[in-house]
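Here's a structure for you.
The values are calculated or read from the model by the stated rules, or taken from the named source; none is laboratory data. Here the structure is a predicted model, which means the values were calculated and not measured. FYI the Cβ positions are ideal-geometry reconstructions off the backbone, even for glycines, and counts take in every protein chain you see. In case anyone asks, the SASA skips ligands and DNA or RNA and just uses the protein heavy atoms, side chains included. Shrake-Rupley method; radii C 1.70, N 1.55, O 1.52, S 1.80 Å.
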Amino acid sequence: MADNYDVVVIGSGPGGYVAAIRAAQLGLKAAIVERDALGGICLNWGCIPTKALLRSAEVYEAMQHASDYGLKVEKASFDAEAIVKRSRDVAAQLSGGVKFLMKKNKIDVIEGSGSLAGEGKIAVKEKEGKTREFAAKNVILATGARARVIDGLEPDGKTVWTYREAMVPKAIPKSLIVIGSGAIGIEFASFYRTFGAEVTVVEVLDRILPVEDEEISKEAARAFKKRGIRILTGAKIEMTDISDKGAKIAVTVGGKSETLEAEKVISAVGIVGNVENLGLEKAGVKVEKSHVVVNEWLETGVKGVYAIGDLAGPPWLAHKASHEGVIAVERIAGLKGLHPMNTSRIPGCTYSSPQIASVGLTEARAKEKGHEVKVGRFPFKANGKAIALGETGGFVKTVFDAKTGELLGAHMIGPEVTELIQGYGIAMSLETTEAELMHTIFPHPTLSEAMHEAVLDAYGRVLHT
């Protein structure tokens with residue numbers, strides 16, 4: 001074992017490659033093990049390429065309303081193949097960027113599938129079948145997750161799609177059923193509806209986007225229905241009939257049964273951690289519900305073994321994985337003054353049309369936790385910049401602790417809210433109260449003024465409604 005490392009990261013997604021870079025910055029000899037493309041699912045088959053697809057949808061949708069802006073567009077059309085190619089080119093560019101960062105930071109990239117092979121050792125099985133062994137004082141598991149499969153809707157790559165197939169369609173299907181209404185399901189529903197597909201979203205719970213604030217979910221459902229997306233909540237799947245010709249899915253909603261038919265089905269019902277073939281059981285690493293159990297420092301309980309990102313549990317977000325990677329490495333390096341991950345301050349974003357973003361507690365959750373709350377709301381229809389943009393749907397909602405003024409949560413639906421939400425994220429990290437937020441000067445005219453007004457509204461001082 002000539003190759004000895006301070007840190008070896010298994011998996012090169014946004015958690016893994018960031019961990020490796022931070023390790024190198026701290027003077028640790030680092031390597032990263034990857035069995036596929038650098039950047040993992042996020043850069044190659046998730047966050048980045050889906051946003052490229054959604055950008056195409058956004059531009060196409062704007063073209064449909066060109067006359068609203070005094071513009072003329074004759075017979076706007078689209079090329080599905082070109083849309084997909086642009087998305088794949090964007091993914092390739094970002095993956096290449098990670099490769100450059102590995103070289104820049106002198107991080108060894110080991111191709112193959114890695115696993116624990118005893119204390120201070122990892123084994124890497126190469127594509128050719130040969131297994132190599134490396135010495136590693138610390139191992140960070142960052143193998144991510146894959147789509148959950150439900151009985152009767154096993155992906156076949158033809159009629160039943162996961163996110164992978166949904167990102168590279170040869171053509172836009174005339175009809176589509178989306179099972180699951182989390183961020184992934186809703187983003188694909190929004191994308192395909194923009195390009196003309198008849199879309200039905202099936203959700204087993206009583207509302208779509210169930211992790212969001214209830215008011216945001218209701219507004220989202222109203223907006224999506226207005227765009228022609230059919231939404232079935234509280235739906236139970238009774239039967240599935242899948243063939244090369246299409247899908248038939250029998251559902252029961254509110255005691256009534258019906259059979260849905262569509263060319264394609266996208267299954268977006270959650271994820272399962274990639275815990276297999278990592279040598280976890282033999283090493284003594286604890287796994288619960290397909291996720292590795294870790295403490296606040298991402299330690300597994302086995303000396304020198306850490307787990308981050310989707311593998312380590314929810315929320316399943318790329319930026320959470322990256323932050324965890326930094327925490328784990330800085331813990332390994334023995335840095336002082338570290339802060340463990342606070343999952344209540346991680347923003348979540350859905351890049352549909354309209355966009356949705358949130359951070360912190362929902363109003364209901366805040367009350368469940370015993371807080372007396374003050375709630376503010378401000379509609380984008382009263383915001384000058386939104387009116388100028390011609391995008392006046394949605395609103396901003398803030399939730400404060402009535403006694404202390406602590407910002408407990410913020411929830412947004414409307415134009416560019418995925419870019420705005422971090423303002424509230426910073427405020428929460430700084431433990432800002434309503435007083436500082438009300439005294440902050442927001443530039444005019446901007447969408448961010450709605451954030452200010454939502455704070456003012458919580459304390460009876462709203463100016464523009």
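Given the options 142, 147, name the one that is hydrophobic (A, V, I, L, M, F, W, C) and either open to solvent by 50 Å² or more (accessible area, probe 1.4 Å) or under 17 Å from residue 5 (Cβ atoms) (or both).
Working: 147 fails: either open to solvent by 50 Å² or more (accessible area, probe 1.4 Å) or under 17 Å from residue 5 (Cβ atoms) (or both).
One residue alone meets the criteria, 142.
Would you point out the residue of the stretch 390-423, among those that are open to solvent by less than 60 Å² (accessible area, probe 1.4 Å) and over 26 Å from the mean Cα position of the chain (by Cα), that is nearest to residue 352 (Cα to Cα)?
390
Only residues in the stretch 201-226 that are farther than 18 Å from residue 178 by Cα count as the first member; pair them with residues that are in a helix (DSSP H, G or I), Cβ under 8 angstrom, at least 6 apart or cross-chain, and list the lot.
From the stretch 201-226, the pairs are 212/220; 213/363; 213/364; 214/363; 214/364; 215/363.
Here is a follow-up. State yes or no: is residue 208 β-branched (Val, Ile, Thr), modelled with pLDDT under 95 and closer than 30 Å to residue 320 by Cβ? Write out each step before concluding.
Values: β-branched (Val, Ile, Thr): yes; modelled with pLDDT under 95: no; closer than 30 Å to residue 320 by Cβ: yes.
Against the criterion (β-branched (Val, Ile, Thr), modelled with pLDDT under 95 and closer than 30 Å to residue 320 by Cβ), residue 208 does not qualify.
Can you say whether residue 242 is in a strand (DSSP E or B) and in contact with a helix residue (DSSP H, G or I) (Cβ under 7 Å, 6 or more places away or on another chain), as far as the supplied structure shows? Before the answer, list the steps.
Working: in a strand (DSSP E or B): yes; in contact with a helix residue (DSSP H, G or I) (Cβ under 7 Å, 6 or more places away or on another chain): no.
Against the criterion (in a strand (DSSP E or B) and in contact with a helix residue (DSSP H, G or I) (Cβ under 7 Å, 6 or more places away or on another chain)), residue 242 does not qualify.
Taking residue 299 and the conditions (1) touching a residue at least 40 places away in the same chain (Cβ under 8 Å); (2) closer than 21 Å to residue 145 by Cβ; (3) out of contact with any Asp or Glu (no Cβ under 8 Å at 6 or more places or on another chain), which numbered condition does it fall short on, given that it satisfies the others?
Residue 299 satisfies every listed condition except (1).
Yes/no matrix, rows are residues, columns are (1) closer than 30 Å to residue 294 by Cα; (2) in a loop (DSSP other than H, G, I, E, B); (3) not hydroxyl-bearing (Ser, Thr, Tyr):
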| position | (1), (2), (3) |
| --- | --- |
| 134 | yes, no, yes |
| 149 | yes, yes, yes |
| 153 | no, yes, yes |
| 156 | no, yes, yes |
| 196 | no, yes, yes |
| 201 | no, no, yes |
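Name the residue that is farthest from residue 414 (Cα to Cα), counting only residues in the stretch 49-72 that are open to solvent by 50 Å² or more (accessible area, probe 1.4 Å) and charged (D, E, K, R). Don't jump to the end; show me each part of the working.
Restricting attention to the stretch 49-72, the residues satisfying the condition of being open to solvent by 50 Å² or more (accessible area, probe 1.4 Å) are 51, 55, 58-59, 62-65, 67-72.
Among the residues that remain, those that are also charged (D, E, K, R) are: 51, 55, 58, 68, 72.
Details: 51: 17, 55: 15, 58: 13, 68: 18, 72: 25 Å.
Here the residue is 72.
A further question follows. Out of 172, 266, report the one residue that is under 25 Å from the mean Cα position of the chain (by Cα) and within 27 Å of residue 317 (Cα to Cα).
Numbers: 172 fails: within 27 Å of residue 317 (Cα to Cα).
On inspection, the qualifying residue turns out to be 266.
Return the only residue of 386, 427, 366 being within 18 Å of residue 315 (Cβ to Cβ), open to solvent by less than 30 Å² (accessible area, probe 1.4 Å) and over 21 Å from the mean Cα position of the chain (by Cα). Quick ask: steps written out before the conclusion?
Working: 386 fails: within 18 Å of residue 315 (Cβ to Cβ); 427 fails: within 18 Å of residue 315 (Cβ to Cβ).
Testing whether each residue is within 18 Å of residue 315 (Cβ to Cβ), open to solvent by less than 30 Å² (accessible area, probe 1.4 Å) and over 21 Å from the mean Cα position of the chain (by Cα) leaves just 366.
Starting from residues that are in contact with an Asp or Glu (Cβ under 8 Å, 6 or more places away or on another chain) and open to solvent by 20 Å² or more (accessible area, probe 1.4 Å), keep the ones in the stretch 250-268 and report whichever is farthest from residue 209 (Cα to Cα).
Among residues in the stretch 250-268 that are in contact with an Asp or Glu (Cβ under 8 Å, 6 or more places away or on another chain) and open to solvent by 20 Å² or more (accessible area, probe 1.4 Å), the one farthest from residue 209 (Cα to Cα) is 257.
Read through the list (1) crowded, with 18+ Cβ neighbours inside 10 Å; (2) of a type outside the set (Ser, Thr, Tyr); (3) under 14 Å from residue 199 (Cβ atoms), then give the number of the only condition that residue 227 fails.
Result: residue 227 fails condition (1) only.
Among the residues that make up the stretch 270-288, is at least one of them farther than 28 Å from residue 315 by Cα, among the hydrophobic types (A, V, I, L, M, F, W, C) and in contact (Cβ under 8 Å) with a residue 60 or more places away in the chain? Talk me through it step by step, then tell me what you get.
Initial filter on the stretch 270-288 (farther than 28 Å from residue 315 by Cα): none.
No - not one qualifying residue is present in the stretch 270-288.
Go through the stretch 77-94 residue by residue and tally those that are within 16 Å of residue 36 (Cβ to Cβ) and open to solvent by 20 Å² or more (accessible area, probe 1.4 Å).
Residues flagged as within 16 Å of residue 36 (Cβ to Cβ) and open to solvent by 20 Å² or more (accessible area, probe 1.4 Å) within the stretch 77-94 amount to 3.
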